[in-house]
Amino acid sequence: MTLNDTTTTELHDAVSALLQDFRAGSWLPTPAERGLAEGLARARWSMQTVRAQLRDQPESVTSDPLGQVVTTTVRALASPGTNAAALLTLRVLVDALTPPQAGEG
């Protein structure tokens, strides 16, 4: 197993657990985490853009559950061949945390 395989597995597991906790109501994002999710919802994801979204947030966000997941995402995106399933699960989480954009149904 390569480092990237390990990182994307870690990312998929962390995002899946956080999404499950959110749906169960056992994790509620902080306002800063919601701001991070909104920034991610508007961005085209690459290592640079995801890192910039994280950098633009208060320092405390990196210790929050979503901040930890986004930090892992940056590491996963740093290597070619990032598992698409992990990123898709993160997209589902981000979409769940953000209100629909104007014109979306």
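Read the figures in this text as sums done on the coordinates, not as results from a lab. Because the structure is a prediction, the values reported are computed rather than measured.
For D13 and A41, compute 0.36 nm times the residue count separating them, minus their Cα-Cα distance, and round to one decimal in nm.
8.0 nm
May I ask you to give the average projected area over all directions of the convex hull of the Cα atoms of the chain, in nm² rounded to one decimal?
Seen from a random direction, the Cα hull of the chain projects 6.8 nm² on average.
Subtracting the Cα-Cα distance from 0.36 nm times the residue separation, let me have the gained length for S63 to D95 in nm, one decimal.
Computed gain between S63 and D95 is 9.4 nm.
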